[in-house]
Amino acid sequence: MISFDNIDKYDWLYDLYMNYLCMVHNHIYYRKFFILNKENIPKKGEPTLVIANHQNGAMDAMAILHTMFRDRRQPIFIARGDIFKKDGVAKILRFLKIMPTFRTRDGNVNDVRSNIGLFNRVAKVLSDGGTVVIFPEATHQHGHYMNTFKKGFSRIAYAAEELNDFKLGLKILPLNIHYSNYFTFRSDLMVTVGEPFTFEELFDTYKENHDKGYLALNEKARARVKELTPDIDIPEYYNEIEALTHMMSEPLLRSKGLKVNNLPNQKDAAMTIIADIKRYKEKSEEKFTDLMLKMRKYMQLLKNCTLHNWVINRTLSVSAIALRVIVMLLMLPFFIFGYINNYVPRAITKHFTNKAKDPMFHSSFQYVIGTVATFPGCYLILLAIVWLISKKFWIALAYVFLTFLTAFVVHYYKIGVHKLFTIFRARKIHRTDEYKELCRLNDEITETMEGIIL
């Protein structure tokens, strides 16, 4: 195994690379990046163990990195050990300041035993005033819910305190990472920073029984992260409740006079709706179940008709639809230009992204391969080709810049076309029994939900 002895040493090359990644992440890949409660982040030099929910592969780590990186600190990340199996990959991860922790389910007992040394190394980083980031769930999932915390997190926390005779004052910083969409380029991202906490009251429990100490810290830490998280902990109706949060967020926000197209507001609305639905369930299990079954039927009908909730009961005049069509036709030349000139980097990115079996790594592949490597590389080649043909650098530069801008046009144009065809489908079937049933269910569900949340 490669050495992690100097992993916390300042690396200027890492700093330069991360500044580039930060620019791409914050201003190109994501449309908007919100950081809430930045004042809760401990100052650089204070021993800090960062914990967060884990939903979106490597993008979660990037979100945290670009939250903490603003003071030029270089935090150490803890990741699952099986991704370190190949030497080449391990060296790259080492450069990115990522250390492994091995899980029993990964198979190799010797690897699991090596955790002791790795945990001690991480504890030393914290003792020296460093920042360490770990995802205590030790896995990621597609959805707004939290798994149990594993012992690795609490082992590191106690090891750091034990190394300093329980006088370190280690701060544990809870975060919530929230996406408007896990997979889509130009979606929104927000990181909510909770209040840092210490755990001196658990030291005696740990000294008496290590396992009880681990469990107590896990419970305390999980509760702090959960406070920041839209946690749908009713698994049998997860999809229905998540769909209801999307369906009712806009009416709830409008009733409060808040911006609808704002991710922090949308997250607050989702948390309110989830909490209200849980109270509704406690008050009347029978009515709750009836609502969930109606929602399930509604979602199935939407799927059968290839429609989305936003188009139901929405009346668009012929003139409004015609205006959309005219705009799409006017933008068509820019779309064609952007599609042709961006075809190669898009195809390469898609090829490698599709190789990821876990869909929760798709955005990670799109970000790393696409916006960081493939597109810049192809643009440099395109610059050289156009310069060679035109003999004028400014023409080549303008051509590449236009290619870059129209890459965004391609993205939004495809969304616009998809919405237009959805409207056409709705108008085509609006007199059918299925569509009428959709409208009826939509009205009943909306009426019930308004009584719950408004």
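Being open to solvent by 30 Å² or more (accessible area, probe 1.4 Å), over 23 Å from LEU126 (Cβ atoms) and of a type outside the set (Phe, Trp, Tyr) is the filter here, so list the residues in segment 1-21 that pass it. Residues satisfying the conditions are LEU13, LEU16, ASN19.
With respect to ALA322, determine if the residue is farther than 26 Å from SER187 by Cβ, open to solvent by less than 30 Å² (accessible area, probe 1.4 Å) and part of a helix (DSSP H, G or I). Considered against the rule, which asks whether it is farther than 26 Å from SER187 by Cβ, open to solvent by less than 30 Å² (accessible area, probe 1.4 Å) and part of a helix (DSSP H, G or I), ALA322 comes out as no.
Of the residues making up segment 272-289, those that are in a helix (DSSP H, G or I) and either at pLDDT below 95 or loosely packed, with under 13 Cβ neighbours inside 10 Å (or both) are ARG279, GLU282, LYS283, GLU285, GLU286.
Every condition in (1) at pLDDT 85 or above; (2) under 22 Å from PHE33 (Cα atoms); (3) surrounded by 16 or more Cβ atoms within 10 Å (Cβ to Cβ) is met by ASN181 except one, and the failing one is (3). Each residue in segment 344-378 was checked for being farther than 18 Å from ARG186 by Cα, in a helix (DSSP H, G or I) and open to solvent by 70 Å² or more (accessible area, probe 1.4 Å), and 4 of them qualify. Just one of the listed residues (SER180, SER127) is among the polar types (S, T, N, Q) and touching a strand residue (DSSP E or B) at 6+ places or on another chain (Cβ under 7 Å), namely SER180. Only one of the numbered conditions (1) assigned to a helix (DSSP H, G or I); (2) over 32 Å from the mean Cα position of the chain (by Cα) is violated by ARG431, and that is (1). When you check TYR399 against the structure, is it under 21 Å from ALA322 (Cα atoms), part of a helix (DSSP H, G or I) and open to solvent by 70 Å² or more (accessible area, probe 1.4 Å), yes or no? Here the answer is no, as TYR399 does not meet what is asked.
Looking at GLY129, is it more than 27 Å from the chain's Cα centre (by Cα) and at pLDDT 85 or above? In short, yes.
Looking for something within 21 Å of LYS226 (Cα to Cα) and acidic (Asp, Glu) - is there at least one such residue anywhere in segment 36-54? Among the residues of segment 36-54, at least one is within 21 Å of LYS226 (Cα to Cα) and acidic (Asp, Glu), which makes the answer yes.
Just checking, does segment 204-212 include any residue being closer than 30 Å to GLU162 by Cα, surrounded by fewer than 19 Cβ atoms within 10 Å (Cβ to Cβ) and either within 24 Å of the chain's Cα centre (by Cα) or of a type in the set (Val, Ile, Thr) (or both)? For segment 204-212, residues closer than 30 Å to GLU162 by Cα, surrounded by fewer than 19 Cβ atoms within 10 Å (Cβ to Cβ) and either within 24 Å of the chain's Cα centre (by Cα) or of a type in the set (Val, Ile, Thr) (or both): present.
For beta carbons closer than 9 Å, sequence separation of 6+ or different chains, a first residue in segment 293-319 that is closer than 19 Å to MET449 by Cα and modelled with pLDDT under 95 and a second that is open to solvent by less than 70 Å² (accessible area, probe 1.4 Å) and β-branched (Val, Ile, Thr), the qualifying pairs are HIS308/THR422; TRP310/THR422; VAL311/THR422; VAL311/ILE423; ASN313/THR446; ARG314/ILE423. Every listed requirement among (1) more than 21 Å from MET59 (Cα to Cα); (2) surrounded by fewer than 14 Cβ atoms within 10 Å (Cβ to Cβ) is met by LEU301 save one, (2). When you look at LYS97, is it over 26 Å from HIS178 (Cβ atoms) and of a type in the set (D, E, K, R), yes or no? Answer is no for this residue.
Restricting attention to segment 233-243, does a residue exist that is farther than 23 Å from HIS54 by Cα and assigned to a helix (DSSP H, G or I)? Within segment 233-243, none of the residues are farther than 23 Å from HIS54 by Cα and assigned to a helix (DSSP H, G or I). The condition of being assigned to a helix (DSSP H, G or I) and in contact with a Leu (Cβ under 8 Å, 6 or more places away or on another chain) holds for only one of LEU383, LEU388, that being LEU383. Taking every residue in segment 413-436 that is farther than 27 Å from GLY338 by Cα and pairing it with any residue that is open to solvent by 70 Å² or more (accessible area, probe 1.4 Å) and of a type in the set (D, E, K, R), at least 6 positions away or on another chain, the pairs with Cβ-Cβ distances below 8 Å are ALA426/ARG314. PRO235 falls short on exactly one of the conditions (1) modelled with pLDDT of 95 or more; (2) more than 30 Å from ARG314 (Cβ to Cβ), and that condition is (1). Looking at segment 155-178, which of the residues that are assigned to a loop (DSSP other than H, G, I, E, B) and surrounded by fewer than 20 Cβ atoms within 10 Å (Cβ to Cβ) is farthest from the chain's Cα centre (by Cα)? This residue is ASP165. Residue pairs whose Cβ atoms lie under 9 Å apart, sitting 6 or more positions apart in sequence or on different chains, and linking a residue in segment 268-279 that is within 18 Å of PHE34 (Cβ to Cβ) to a partner that is open to solvent by 50 Å² or more (accessible area, probe 1.4 Å), are ASP268/LEU258; ALA269/GLU250; ALA269/LYS256; ALA269/LEU258; ALA270/HIS246. Please indicate, with yes or no, whether at least one residue in segment 19-37 is out of contact with any helix residue (DSSP H, G or I) (no Cβ under 8 Å at 6 or more places or on another chain), modelled with pLDDT under 80 and hydroxyl-bearing (Ser, Thr, Tyr). Scanning segment 19-37 turns up no residue that is out of contact with any helix residue (DSSP H, G or I) (no Cβ under 8 Å at 6 or more places or on another chain), modelled with pLDDT under 80 and hydroxyl-bearing (Ser, Thr, Tyr). Residues considered: ASP60, ASP71. Of these, the only one that is open to solvent by 40 Å² or more (accessible area, probe 1.4 Å) and within 27 Å of HIS178 (Cβ to Cβ) is ASP71.
Sort out which residues of segment 199-216 are assigned to a helix (DSSP H, G or I) and of a type in the set (Phe, Trp, Tyr), and write them in order of number. Matches in segment 199-216: PHE203, TYR206, TYR214. Quick check, is LYS220 basic (Lys, Arg), surrounded by fewer than 19 Cβ atoms within 10 Å (Cβ to Cβ), out of contact with any strand residue (DSSP E or B) (no Cβ under 6 Å at 6 or more places or on another chain) and free of Cβ contacts under 8 Å to residues at least 24 places away in the same chain? Yes: the conditions hold for LYS220.
The values are calculated or read from the model by the stated rules, or taken from the named source; none is laboratory data. The model shown is predicted, which means the values in this text are computed figures rather than measured ones. Neighbour counts are summed over all protein chains in view; Cβ atoms, including those assigned to glycine, are modelled from backbone coordinates with ideal geometry. Note: areas computed on protein heavy atoms with side chains; ligands, DNA, RNA excluded. Shrake-Rupley method; radii C 1.70, N 1.55, O 1.52, S 1.80 Å.
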